[in-house]
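Reading through the structure tokens given below for one structure.
The values are calculated or read from the model by the stated rules, or taken from the named source; none is laboratory data. Please read all numbers here as calculations on a predicted model, not as lab measurements. When we count neighbours, we look across all protein chains shown, and the Cβ atoms used for this are built from the backbone with ideal geometry, even at glycine. In case anyone asks, the SASA skips ligands and DNA or RNA and just uses the protein heavy atoms, side chains included. Shrake-Rupley method; radii C 1.70, N 1.55, O 1.52, S 1.80 Å.
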Amino acid sequence: MTLSLGWLSALVAGVFSAHVLQRLCFPYFWRDLLFLLRVIRYGVKLELFKITSSVCTVLERFIQQAQRIPDKPFVLYDGRVHTYRDIEQRSNRLANVFLQKVNLRKGDCVALLMGNEPDFLCVWFGLAKVGCSVAFLNTNIKAKSLLHCFNCCGAKTLIVGSDLVDCLDGILTSLLDDNIQVWAMKSQSEHTQVHTLLDKLDAASDRPVPAALRATASLKSPTLYIFTSGTTGLPKAAVITHLQSLKAAAGFWAFGGTEDDVVYIPLPLYHSAASLIGIGGTIELGATCVLKKKFSASQFWNDCRKHDVTVFQYIGELCRYLCNQPKTEVDKVHKVRMGVGNGLRQDVWREFQSRFGNIKMCEVYGSTEGNLCFMNHIGKIGTVGRSNFFYRLLFKYDLVKYDMEKDEAVKDQHGFCQRFDPQLLRSKVSALSPFFGYAGSKQLTEKKLMRNVFVKGDAYFNTGDLMAEDHEGFICFRDRVGDTFRWKGENVATTEVTETLGLVDFIQEVNVYGVEIQGHEGRAGMAAMIMRPGQLFEHVKRDLPAYAHPLFIRLQETMETTSTFKQQKFQLVRSGFNPSTISDPLYVLDYQQRNYIPLTDSIYQSILAGERKL
């Protein structure tokens, strides 16, 4: 009896010691393990699709949910409820119109230019049901950039929202000359060569089109093209395969989402966050989403209370706008338990949780076209993701030393990169983490790859982001490198802005870059230029989307370049836009005066104090 008690005591002491040791040395072990098991479980399901050559796509999952829960609200929009059955039937009608009136065929690519509304989903699903891939066009892009998008993905049909038809003024003739047919979500059209869809829907059948049209045997088949501004100028069409869309759709589920959740989506559907993670995630769960035409800081919490929202999508800028709203007694009166997004600064993160309650903020790191994703399932403030020994076994990535001044990776005497922290994130391309690149350009795809990084023959995807990893395995975002910066939740390619400004006859030379502004996420556009006399505001307003407008102008007599004649941005970025420390003339964009006006010390101080709207 004494011996048995001794063994039992030793066992209890051993278990207790192991528990204490685990809590001290591996405090996140169980949460890491449970999260990783969820990821592996979903990965096994995707592998089974490969083996059986029968892919249950996001569209198939939606059709299943429409059969399982037809009367459940799927989309709440502008005071109206759209059930799973409503969206299913309307997308069926559109699919029949696409086949019979628009003469689309399986394999065609169709461009979609629409804002956030339920018909965005109906058109998207309707096109997918007839086997078409869909190119989501950014509703902010204009003129040359918009025309360029068609060349990228090979689309010969454009479907445009009723409120965006006027955006085609100036390029409609070019579209028609390129044999691109234009269809508008309207009953009547003022343009004789713009066809209408709504008048054809009433007579269309809501019976499903043949399932064979939407069927696919490969996870690697392209289903979408989502445009991203990268480091090389005009928008690039990132190829989105069924594999990528299914992975994104699992995001809410991986973070613990359920079918009882109500998801608030205020982000634009033409971006992968709202469409792939937001809509795809809602479908995967069989949940309900509240879709907003446009984000409104003043309406956000009232919407959340009205619709019993439990999960919301964000970008860092969105949370800052909410924190800047006047405080109220009901700031913590809501059912929101989780936010999913990216770009949340530490100070805003803390203020947000202090003011609005202990909402779990789940940061996700990844680019539209990238082959790597980090997910901060722990919720540690200031980190974009979590890594550990098991994660590294599945997903190969490295941080390599980077020279900011030369804008290139540092290599050793053998020509290989050096592992370093905090520095540039590169993700290994493999069967588990493939890179599908960009439509219409092998050159652009190859440019995003770095070969012979650590050993001869390897290939890594270049994220263009500087990252750091601490001793506990938490990943922190530091900065973007190269000819791109982020502002108002959008990537701005400096070369695209440079090319647009270069067309202005009174600008002799221009160098575009981003500068940090205290209290704001990302970087604001600034352009150093050598000018002839002229008027700049109208050119900027007409040819560039709002988020790409250079907020600041720096006039120079000469433009500094590298030894290879590449424009030097490093020192310009470091010097910022302080008129008291910069001898060159500085100007700031003033929308009220519709002009660039001199940047004075008082204006500079008002910007830093957050008093001047940017």
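From the list 270, 314, which residue is touching a residue at least 60 places away in the same chain (Cβ under 8 Å) and among the aromatic types (Phe, Trp, Tyr)?
None of the other options fit; the residue is 270.
Residues checked against (1) closer than 27 Å to residue 294 by Cα; (2) in a helix (DSSP H, G or I); (3) not hydroxyl-bearing (Ser, Thr, Tyr):
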position	(1), (2), (3)
90	yes, yes, yes
94	yes, yes, yes
104	no, no, yes
110	yes, no, yes
115	yes, no, yes
119	yes, yes, yes
124	yes, yes, yes
148	yes, yes, yes
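Output the residues belonging to segment 281-315 that are in a helix (DSSP H, G or I) and under 21 Å from residue 331 (Cα atoms).
Filtering segment 281-315 down to residues in a helix (DSSP H, G or I) leaves 281-285, 300-307.
Residues satisfying the conditions are 300, 301, 302, 303, 304, 305, 306, 307.
Please go through (1) farther than 24 Å from residue 55 by Cα; (2) of a type outside the set (Val, Ile, Thr); (3) touching a helix residue (DSSP H, G or I) at 6+ places or on another chain (Cβ under 6 Å) for residue 304 and return the number of the only condition it doesn't satisfy.
Exception for residue 304: condition (3).
Of the residues 235, 222, which is open to solvent by 40 Å² or more (accessible area, probe 1.4 Å), in contact (Cβ under 8 Å) with a residue 12 or more places away in the chain, in contact with a strand residue (DSSP E or B) (Cβ under 8 Å, 6 or more places away or on another chain) and not acidic (Asp, Glu)?
One residue alone meets the criteria, 222.
Quick test for you: out of 62, 98, 74, pick the one residue that is modelled with pLDDT of 95 or more, assigned by the TED database to the domain that holds residue 133, assigned to a helix (DSSP H, G or I) and not charged (D, E, K, R). Steps first, answer last, please.
Details: 62 fails: assigned by the TED database to the domain that holds residue 133; 74 fails: assigned to a helix (DSSP H, G or I).
Exactly one of 62, 98, 74 is modelled with pLDDT of 95 or more, assigned by the TED database to the domain that holds residue 133, assigned to a helix (DSSP H, G or I) and not charged (D, E, K, R), namely 98.
Can you name the residue in segment 126-144 that is in a helix (DSSP H, G or I) and open to solvent by 10 Å² or more (accessible area, probe 1.4 Å) and, of all such residues, is modelled with the highest pLDDT? Outline the logic, then answer.
We begin by selecting, within segment 126-144, every residue in a helix (DSSP H, G or I); these are 126-129, 143-144.
Applying the additional criterion that residues be open to solvent by 10 Å² or more (accessible area, probe 1.4 Å) yields 128, 143-144.
On the way: 128: 97, 143: 73, 144: 76.
The extreme case among them is 128.
If you go through segment 146-164 one residue at a time, how many are under 21 Å from residue 547 (Cα atoms) and open to solvent by 10 Å² or more (accessible area, probe 1.4 Å)?
4
Could we say that residue 486 is buried (at least 19 other Cβ atoms within 10 Å of the Cβ), within 30 Å of residue 32 (Cβ to Cβ), modelled with pLDDT under 80 and within 22 Å of the chain's Cα centre (by Cα) here?
Spelling it out, residue 486 is indeed buried (at least 19 other Cβ atoms within 10 Å of the Cβ), within 30 Å of residue 32 (Cβ to Cβ), modelled with pLDDT under 80 and within 22 Å of the chain's Cα centre (by Cα).
For segment 85-97, check the following and say yes or no: at least one residue is within 23 Å of the chain's Cα centre (by Cα) and open to solvent by 10 Å² or more (accessible area, probe 1.4 Å).
No, because not a single residue in segment 85-97 is within 23 Å of the chain's Cα centre (by Cα) and open to solvent by 10 Å² or more (accessible area, probe 1.4 Å).
Kindly establish whether residue 470 is surrounded by 15 or more Cβ atoms within 10 Å (Cβ to Cβ), assigned by the TED database to the domain that holds residue 391 and more than 26 Å from residue 218 (Cβ to Cβ). Working first, answer last.
Details: surrounded by 15 or more Cβ atoms within 10 Å (Cβ to Cβ): no; assigned by the TED database to the domain that holds residue 391: yes; more than 26 Å from residue 218 (Cβ to Cβ): yes.
When the stated conditions are applied, residue 470 does not pass them.
When segment 16-50 is examined, which residues are found to be under 16 Å from residue 386 (Cβ atoms), open to solvent by 60 Å² or more (accessible area, probe 1.4 Å) and at pLDDT 75 or above?
Start the filter on segment 16-50 by keeping residues that are under 16 Å from residue 386 (Cβ atoms), which leaves 26-40.
Within this subset, residues satisfying the condition of being open to solvent by 60 Å² or more (accessible area, probe 1.4 Å) are 26, 29-31, 34, 37-38, 40.
Passing the criteria: 29, 30, 31, 34, 37, 38, 40.
Using the structure shown, decide if residue 556 is modelled with pLDDT of 80 or more and either more than 24 Å from residue 604 (Cα to Cα) or open to solvent by 10 Å² or more (accessible area, probe 1.4 Å) (or both).
Spelling it out, residue 556 is indeed modelled with pLDDT of 80 or more and either more than 24 Å from residue 604 (Cα to Cα) or open to solvent by 10 Å² or more (accessible area, probe 1.4 Å) (or both).
Could you check segment 316-416 for strands (runs of 3 or more DSSP E) lying wholly inside it with 1 or more residues that are at pLDDT 90 or above? Spell out how you get there, then give the answer.
Values: elements: 338-342, 360-365, 397-400.
Counting at least 1 such residues, we get 338-342, 360-365.
Give the residues of segment 175-197 that are out of contact with any Gly (no Cβ under 6 Å at 6 or more places or on another chain) and open to solvent by less than 50 Å² (accessible area, probe 1.4 Å), sorted by residue number.
175, 176, 180, 182, 183, 184, 186, 189, 194, 196, 197
Tell me which residues, restricted to segment 290-322, are hydrophobic (A, V, I, L, M, F, W, C) and surrounded by fewer than 17 Cβ atoms within 10 Å (Cβ to Cβ). Let's see the steps before the verdict.
Keep residues of segment 290-322 that are hydrophobic (A, V, I, L, M, F, W, C), which gives 290-291, 295, 297, 300-301, 304, 309, 311-312, 315, 318-319, 322.
Passing the criteria: only 297.
Residue 480 fails exactly one of the following numbered conditions: (1) at pLDDT 70 or above; (2) over 22 Å from residue 391 (Cβ atoms); (3) among the basic types (Lys, Arg). What is the number of that condition?
(1)
Only residues in segment 199-212 that are assigned by the TED database to the domain that holds residue 95 count as the first member; pair them with residues that are among the small types (Gly, Ala, Ser), Cβ under 8 angstrom, at least 6 apart or cross-chain, and list the lot.
199/187; 208/95; 209/95
Within the set of pairs 6 or more residues apart or between chains, which connect a residue that is under 20 Å from residue 544 (Cα atoms) inside segment 117-142 to a residue that is of a type in the set (Val, Ile, Thr) with Cβ atoms less than 6 Å apart?
Hits for this filter: 136/226.
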